[in-house]
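Just below is one structure, and these are the notes that go with it.
None of the figures in this text is laboratory data; all of them are computed from the coordinates on show. What you see is a predicted model; the values in this text were computed from it and never measured. Glycine gets a Cβ as well: all are built from the backbone with ideal geometry, and neighbour counts include every protein chain shown.
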Amino acid sequence: MKNLLKTIQIILFSFLIYGCDHHDDHSDHEDEIVKGSHGGRMLTKDNFALELSIFETGVPPEYRVWVTDSNRPVSPDDVDLQINLTRLGNIVDNIHFKPQGDFLRGDTEIYEPHSFVVSVEAKYKGKTYSWQYDNFEGRTTILPDIAQAFELQTSVAGSQTMKEVVTLYGQMVINPKSKNEVSARFDGVIQSVHVSLGESVKKGQLLAKVESNESLNTYNIRAPIDGVITEQIANVKEQTNGRRLFTIMDTSTVWASLHIFPSERERIKKGAHVTVTPSIGGQSYQGEISFINIMADANQSVTARVELNNIDGLLLPGTHITGHVKVAEYTVPLAVKRSGLQSFRDFTVVYAQIGNDYEVRMLELGRQDDVWVEVLGGLQAGTHYVSNNSYLIKADIEKSGASHDH
């Protein structure tokens, strides 16, 4: 059902975008690109022509340009060439060229994304030739009202404190300190019982009356603690016979019993913060490890204990639980939310927002936790990026047919 709703949302999103004068300027939307013998884009004026190729075999991406005049090769020494790349946000990369072999080689790495307005100026035999074209990829334009309607939320990339967490499994168990078995002080006949199974009682509350076999005096049995009657064996006219008559359990605190396996033992210490959640879902509870057993169980795990406040009574002993133990905390200079990550070509990306434009940013990633992922490269601190519903941007760009022109 969730995937179906997402598909419907994508369809509606695409319909609204393309029904509201939305357009994506990709190089393959222009006149058909003519390719040269080296696989690059041909730019021609009169009989003068350049073949531009982004070359990246064994080197960082760089421009290489071959020149012809009337279909005859021109020596690269005879051409003065400059290319300016204007990226989203009016960032301009100026590329100068030097002759190498039979081509001109650019002096600047063409970093990802290869999405820019390309301005070319070549000087040859006293004449200046100029071209300009859009080479956009992974870019789209979305109006604010559409972005708001589909809850495209953005965040600002920056420093974050990340938590390293180990996941453990176990069960909720009774706190033995909160369990009390009640018997008669003197043997005798049970005259009356004043509580029943499952009833909540207060400390000092009357549970039963017993007539002593020796003195024949009647005395009261009272609750030693607050709690719930979890066992009631006392019946009127029966002898007490030194046996257990009631069991009272105070569940205002319970223990989370978690299993630590040998591979994680050295990382988990007493006092570590733990978030405990029932395996069936529901509210999470916070606590600290107060005890780690020194004896291994049959499966070679050791038991860690977390005492939890259960005043609301929602944590039931016997419930299977998951514990997330914080084993480290560190600050990274740059991180983004994992919810904003998408795939694009062979990269993991986020979509940067500049005004009404959204464009991929190819990321080099580091450490991560449940919420954040460290960014080692590909994104500037302070960048606004889509952190919620970014799959809609991806779907729009894929529908538009984003190019990667070399």
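Say R0 is 41 Å: what FRET efficiency, to the nearest 0.05, do residue 314 and residue 266 get from their beta-carbon distance? Please list the in-between numbers first.
Numbers: r = 33 Å, r/R0 = 0.81.
Taking R0 as 41 Å, the efficiency between residue 314 and residue 266 is 0.75.
Under the rule of at least 5 residues apart or a separate chain, name every residue whose amide H is placed under 5 Å from the amide H of residue 171.
So residue 171 has HN proximity to 257, 321.
Could you work out the Rg to Rh ratio of region 176-249, with Rh taken as the Kirkwood radius (inverse of the mean 1/r over all Cα pairs)?
Values: Rg = 11.5 Å, Rh = 12.1 Å.
My calculation of the ratio gives 0.95.
Counting only residues 5 or more places away or on other chains, whose amide H sits under 5 Å from the amide H of residue 375 once H atoms are built in the peptide plane?
334, 335, 336, 366
Quick check: the distance between the Cα centres of region 49-104 and region 187-217, to the nearest angstrom?
Here the two parts' Cα centres lie 98 Å apart.
Relative to the present Cα-Cα distance, how much length would full extension add between residue 215 and residue 376 at 0.36 nm per residue of separation?
Details: separation 161, 0.36 × 161 = 57.96 nm, distance 8.37 nm.
Length gained between residue 215 and residue 376: 49.6 nm.
Would you list the P(r) distribution for region 27-135, with all Cα-Cα distances sorted into 10 Å bins from 0 and each bin expressed as a whole %?
14, 51, 32, 4
Beyond a 19 Å Cα-Cα separation, which of these cross-linked pairs lie in this structure: 45/123; 45/127; 35/98; 202/237; 209/237; 163/337?
Working: 45/123 12 Å; 45/127 11 Å; 35/98 23 Å; 202/237 25 Å; 209/237 11 Å; 163/337 13 Å.
Going by Cα-Cα distance, 35/98; 202/237 fall outside the 19 Å limit.
Angle between the Cα long axis of helix 390-400 and the longest principal axis of the chain, 0 to 90 degrees, nearest 10?
Tilt relative to the chain: about 30 degrees.
Cross-link partners among lysines for residue 399, C-alpha distance below 16 Å, same-chain residues fewer than 8 apart left out?
By straight Cα distance, residue 399 reaches 6.
Quick one: if you take sqrt(5λ) for each eigenvalue of the C-alpha gyration tensor of region 88-197, what semi-axes come out, biggest first, whole angstrom?
Details: eigenvalues 1318, 89, 20 Å².
Square roots of five times the eigenvalues give 81, 21, 10 Å.
Based on DSSP H runs of at least 4 residues, each adding -39500 (n - 2.57), what is the mean residue ellipticity at 222 nm of the chain after dividing by all its residues, to the nearest 500 deg cm²/dmol? It would help to have the intermediate numbers written out before the result.
Details: 4 runs with 38 residues, N = 406.
Rounded to the nearest 500, the figure is -2500 deg cm²/dmol.
Within the set of other residues whose C-beta is less than 10 Å from the C-beta of residue 273, count the net charge using Lys and Arg as +1 and Asp and Glu as -1. Don't skip to the end; give the middle numbers.
On the way: positive: 163, 326; negative: 288, 329.
Cβ neighbours under 10 Å give a net charge of 0.
Could you name the lysines in cross-link range of residue 203, using Cα to Cα under 17 Å and dropping any fewer than eight places away on the same chain?
Candidates past the 8-residue exclusion: 177, 179.
Using the alpha-carbon atoms, what tilt in degrees (0 to 90, nearest 10) does helix 2-18 show relative to the longest principal axis of the chain?
It is inclined by approximately 30 degrees.
Treating the beta-carbon of each Lys and Arg as +1 and of each Asp and Glu as -1, no other charges, what is the dipole magnitude of region 176-249 about its Cα centre, to the nearest 20 debye? Write out the running numbers ahead of the final one.
Working: 10 positive and 8 negative charges, 49 e Å.
With only Lys, Arg, Asp and Glu charged at Cβ, the dipole is about 240 debye.
So if the hydrodynamic radius of the chain is defined as the Kirkwood radius over C-alpha pairs, what does Stokes-Einstein give as its diffusion coefficient at 20 °C and 1.002 mPa s, in µm² per second? Mind showing how you got there, number by number?
Numbers: Rh = 27.9 Å.
Taking Rh from Cα pairs, D becomes 77 µm²/s.
Among the aspartates and glutamates, which have Cα under 13 Å from the Cα of residue 269 when same-chain residues fewer than 8 positions away are ignored?
Partners found: 288.
Per 0.36 nm of contour for each residue apart, how much would the distance between residue 288 and residue 205 grow if the chain were fully extended, relative to their Cα-Cα spacing? Can you show the working numbers first?
Values: separation 83, 0.36 × 83 = 29.88 nm, distance 3.37 nm.
Between residue 288 and residue 205, full extension yields 26.5 nm more.
In whole Å, what is the distance between the alpha-carbon centres of region 326-402 and region 261-279?
Each part's Cα centre sits 30 Å from the other's.
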